[in-house]
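Structure first, then comments.
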Amino acid sequence: MLLRLMIKNFLSFDDGTQFDMFPNMKRTQMANHVYTDLCDVPLLKQAAIYGQNGAGKSNLVKALEFIRAFAMDKDFAKNVEMDKFFYLLKDNVNNDPISLSVEFEYNKRFFFYEIGMGRKKVVKEGLYESFPKEERLDLVYERKSREVTFAKEVDDTIMEAIKKLLDKNPMSSLMALNGEFPIVADERCGWAAKWFKMKLEIIGVHSFMPTLIDLLRVNKPMMEFVQGLVHCLGVGVNAMNLQESDFDSWAKQHIVMAKNLPGNMDQLKSMSLSANSTPVLSINVKDGMRKVYQLIFDNVGKNGFVGRFDTSMQSDGTLRALTLLPALYYACKLGKTVVVDEINCCLSPTMVKGIVEYFAKTNGTNGQLIFTTHDNQLLDEKDILRSDEIWFVDKREGASVLYSHNDFKEHHTISPYRGYNEGRYGAIRFVKLIEDNV
């Protein structure tokens with residue numbers, strides 16, 4: 001689970017700022033939104049991040065994406081335009097590195113991972129085991145350029161191998177290199193990497209899972225979870241099922257689409273085909289036979305008539321919601337931290353409320369849901385969001401600032417919805433394009 005994220009000199013964030021999932025334990029309403037038994041530190045189960053367009057909400061999500069990509073992919077930093085990630089609206093931009101840090105829990109152990117990125121080199125990378133109650137960090141490894149210090153004594157041969165790896169891959173993280181070449185003996189490095197790989201799920205504004213069909217096909221509990229909720233979305237879909245067809249029979253009925261498939265189909269054991277970011281079908285080999293899988297939706301028409309349509313015939317809103325249902329499964333059942341940028345994208349306010357309310361009011365969850373949104377109607381739902389679960393991002397002198405509604409020390413009976421719309425918390429702009437007549 002995520003404890004906190006710290007950002008400095010990254011995109012629209014200049015000065016150091018912190019986003020965290022620590023509850024105000026003095027607040028007693030919605031006590032079930034505070035995890036107290038999953039680990040030693042009380043943590044919030046969800047957070048909503050508000051702000052006007054251009055304030056920097058998405059940049060907070062991008063910071064988490066950046067540090068995860070750097071930790072997992074050894075080629076990430078050398079394949080991006082690093083110049084674009086610095087905060088650029090100041091003099092002497094080159095003086096300070098990008099600084100990102102994240103504290104998280106994995107298997108009831110806490111870790112703190114930090115990176116400092118220059119334009120052409122890794123200034124710093126550090127992994128520590130964290131003890132939040134004691135406010136203590138124990139070293140796992142710390143790297144400054146190509147010099148690495150470990151908590152445990154490392155054989156000279158291994159140390160030399162590490163330096164050669166870093167010389168060959170100067171813009172790579174040691175964590176990512178260790179994933180491909182396991183040379184760090186400290187098992188805590190592997191545990192931390194597993195959190196990034198297995199426990200953190202990030203869904204962007206325009207992202208749709210290209211392998212969604214395969215995901216639901218092989219994960220029956222997730223499929224049952226999604227099937228149990230899809231009819232509640234209010235989009236006219238009564239049910240959703242997975243249709244399996246023999247490839248040859250399918251190809252005869254879909255001649256145009258079959259012609260556009262790769263010519264090396266005989267060599268492929270599995271492939272997912274998407275169109276306009278929409279998963280159309282999945283082709284896999286089952287028991288030696290090539291099969292085609294499609295998601296089929298039962299749409300209800302006049303007089304109870306039911307028509308069967310695939311994903312290409314569903315609305316953008318339906319597909320966006322379909323992306324979020326597996327995310328709900330991850331957060332509810334698998335203990336993942338799910339981060340959604342612009343959860344309201346393509347969705348109506350009632351759809352957003354329904355999705356967030358489901359997670360907020362479902363007992364027995366063991367993950368977290370963190371999302372950015374413009375849907376301020378949620379602020380008026382006193383049984384969905386706690387004050388310490390509401391965050392704001394505002395722009396001041398060109399730089400993003402981040403703060404919690406909990407900082408305002410308001411009584412729980414005061415409406416955050418009204419206060420936000422009146423501008424009491426900032427993070428909102430009143431746009432007026434028409435001038436008053438004189």
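The values are calculated or read from the model by the stated rules, or taken from the named source; none is laboratory data. Note that the structure is a prediction, hence the values are computed from the model and not measured. For neighbour counting, all protein chains shown are included, and Cβ atoms are generated from backbone atoms with ideal geometry for every residue, glycine included. Remember, those area values only see protein heavy atoms, side chains included, never the ligands or the DNA or RNA. Shrake-Rupley method; radii C 1.70, N 1.55, O 1.52, S 1.80 Å.
Odds and ends about this structure:
- Residue count, the range 123-181 (criterion: of a type in the set (S, T, N, Q) and in a strand (DSSP E or B)): 2
- Meets criteria (in a helix (DSSP H, G or I) and surrounded by fewer than 22 Cβ atoms within 10 Å (Cβ to Cβ)) for Asn406: yes
- Pairing residues of the range 232-247 that are among the acidic types (Asp, Glu) with residues that are surrounded by 15 or more Cβ atoms within 10 Å (Cβ to Cβ), at Cβ distances under 6 Å and at least 6 apart in sequence or on separate chains, gives Glu244/Lys291; Glu244/Tyr293.
Results for (1) open to solvent by 10 Å² or more (accessible area, probe 1.4 Å); (2) of a type in the set (Val, Ile, Thr); (3) without any contact (Cβ under 8 Å) to a residue 12 or more places away in the chain; (4) part of a helix (DSSP H, G or I), shown as yes or no for each residue.
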site: Arg4; (1), (2), (3), (4): yes, no, no, no
site: Pro23; (1), (2), (3), (4): yes, no, no, no
site: Lys26; (1), (2), (3), (4): yes, no, yes, no
site: Asp40; (1), (2), (3), (4): yes, no, no, no
site: Ala48; (1), (2), (3), (4): no, no, no, no
site: Ser58; (1), (2), (3), (4): yes, no, no, yes
site: Val61; (1), (2), (3), (4): no, yes, no, yes
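For every residue, the table says whether it meets (1) crowded, with 19+ Cβ neighbours inside 10 Å; (2) part of a loop (DSSP other than H, G, I, E, B); (3) free of Cβ contacts under 8 Å to residues at least 40 places away in the same chain; (4) more than 24 Å from the chain's Cα centre (by Cα).
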site: Leu328; (1), (2), (3), (4): yes, no, no, no
site: Cys346; (1), (2), (3), (4): no, yes, yes, no
site: Ile355; (1), (2), (3), (4): yes, no, yes, no
site: Asn363; (1), (2), (3), (4): no, yes, no, no
site: Gln377; (1), (2), (3), (4): no, no, no, no
site: Phe392; (1), (2), (3), (4): yes, no, no, no
site: Gly426; (1), (2), (3), (4): no, yes, yes, yes
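- Checked against (1) surrounded by 22 or more Cβ atoms within 10 Å (Cβ to Cβ); (2) out of contact with any Cys (no Cβ under 8 Å at 6 or more places or on another chain); (3) closer than 30 Å to Leu334 by Cα, Glu105 passes all but a single condition, namely (2).
- Any hit, the range 87-103, residues being more than 20 Å from Ile162 (Cα to Cα), at pLDDT 95 or above and assigned to a helix (DSSP H, G or I): no
- Residue check for Gly190: farther than 30 Å from Val356 by Cα, under 28 Å from the mean Cα position of the chain (by Cα) and in a helix (DSSP H, G or I): yes
- Residue that is surrounded by the most Cβ atoms within 10 Å (Cβ to Cβ), among those in the range 6-21 that are in contact with a strand residue (DSSP E or B) (Cβ under 7 Å, 6 or more places away or on another chain) and of a type in the set (A, V, I, L, M, F, W, C): Ile7
- Any chance Ile98 is out of contact with any Gly (no Cβ under 6 Å at 6 or more places or on another chain) and over 30 Å from Ser12 (Cα atoms): no
- Selection status of Val235, closer than 20 Å to Met313 by Cβ, at pLDDT 90 or above, surrounded by 13 or more Cβ atoms within 10 Å (Cβ to Cβ) and out of contact with any strand residue (DSSP E or B) (no Cβ under 6 Å at 6 or more places or on another chain): no
- Residues (modelled with pLDDT of 90 or more and open to solvent by 30 Å² or more (accessible area, probe 1.4 Å)) located in the range 199-216: Lys199, Glu201
- Flag for Lys84 being open to solvent by 10 Å² or more (accessible area, probe 1.4 Å) and assigned to a helix (DSSP H, G or I): yes
- The sole residue among Asn53, Asn94 that is closer than 26 Å to Tyr403 by Cα and open to solvent by 70 Å² or more (accessible area, probe 1.4 Å) is Asn53.
- Residue that is farthest from Val235 (Cα to Cα), among those in the range 331-344 that are open to solvent by less than 20 Å² (accessible area, probe 1.4 Å) and not polar (S, T, N, Q): Gly335
- Considering only residues in the range 306-326 that are surrounded by fewer than 21 Cβ atoms within 10 Å (Cβ to Cβ) and touching a Cys at 6+ places or on another chain (Cβ under 6 Å), the one that is nearest to Thr362 (Cα to Cα) turns out to be Gly317.
- One residue stands out among those in the range 28-38 that are in contact (Cβ under 8 Å) with a residue 40 or more places away in the chain and under 12 Å from Arg386 (Cα atoms): the one that is surrounded by the fewest Cβ atoms within 10 Å (Cβ to Cβ), which is Gln29.
- Pairs where the first residue, in the range 139-162, is open to solvent by 90 Å² or more (accessible area, probe 1.4 Å) and the second is at pLDDT 90 or above and not charged (D, E, K, R), C-beta under 7 Å, 6+ apart: none
- Checked against (1) under 27 Å from the mean Cα position of the chain (by Cα); (2) at pLDDT below 90, Asp155 passes all but condition (1).
- Out of Phe110, Phe131, sole residue that is modelled with pLDDT of 95 or more and open to solvent by 40 Å² or more (accessible area, probe 1.4 Å): Phe131
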